Amino acid sequence: MTLGGPSASHPTPRFRADAIVVLGRGLHADGTLPHLARQRVQRAAELFAWETAPRIIFSGRCSLMTDEVPPCSEARAMADHALALGLPPAALLLEEDSRDTIGHAHLVLRTFLEPNDWMSIRVVTSDFHIQRASWVFQKVLGLGFDVSFSPAPSELDHSTIAARARDESDIAAFLMEWLADIPDGDPLALARFIWQEHPGYAATAIMTRGAIQARIAELSRAHRGDDGSAAARPVRIVEL
């Protein structure tokens, strides 16, 4: 959906991409954006000001790993912040059903890219999430799209960044295992996976959230040579 009037189907020649895509990063209980999400919106606003693309797609409902129902979607909260920064309502598009990075890519594809024949996007996410998000978008979109990434600075301290990097490595290993049988850029196989197997979207999912967390913890121990005798290092899974 748009917040204003209809957008043009194709960018004018001065734009380098069809759309900027901003990935959600959770919400506080009161529906306000955490710092990392605000940084993503700020980065998207900068790209829009530089005429990178004529529109911004905000993607996200709420985290797969939360049981709380937020008062609004991540996409809506990010769009509200963008409006407060002075961005025009007609340039803002919302995808409000995704709950993880796979869902962001798949639902942006199905909701906006395919219907409008948009082939070029600039994806905005936090700096520590770029590598995994890049892998997921290639898995979902394949090589037929022009996809580039623009990191939003997380402004975290070095120890926190190092911990996030370890978490990202563990989550990426799980996703590569989980999606191993899905060819890159196969929309039918991906749709079957999303709507029949994925706990964020399927009515009766094959994999539960608890099983996801347990498997990521196993992979984390294996990567660090832990034989299981020591307490497992908790893996922070805010955005899958």
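The values are calculated or read from the model by the stated rules, or taken from the named source; none is laboratory data. Just so it is clear, the structure is predicted and the values come from calculations on it, not from any experiment. When we count neighbours, we look across all protein chains shown, and the Cβ atoms used for this are built from the backbone with ideal geometry, even at glycine.
Taking the residues in the stretch 194-240 that are within 14 Å of Gly103 (Cα to Cα) and within 17 Å of the chain's Cα centre (by Cα) as candidates, determine which candidate is modelled with the lowest pLDDT.
Glu239
Would you pick out the residues in the stretch 136-169 that are in a helix (DSSP H, G or I) and within 27 Å of Asn116 (Cα to Cα)?
Answer for the stretch 136-169, where residues must be in a helix (DSSP H, G or I) and within 27 Å of Asn116 (Cα to Cα): Val136, Phe137, Gln138, Lys139, Val140, Leu141.
Any residue in the stretch 26-43 that's crowded, with 21+ Cβ neighbours inside 10 Å: show its pairings with residues that are part of a helix (DSSP H, G or I) at Cβ separation under 6 Å, as long as the two are six or more apart or on different chains.
Matching pairs, first to second residue: Leu27/Glu74; Leu27/Ala77; Val41/Met78; Val41/His81; Val41/Ala82.
Considering only residues of the stretch 102-124 that are within 13 Å of the chain's Cα centre (by Cα) and under 14 Å from Ala75 (Cβ atoms), which is surrounded by the fewest Cβ atoms within 10 Å (Cβ to Cβ)?
That would be Leu107.
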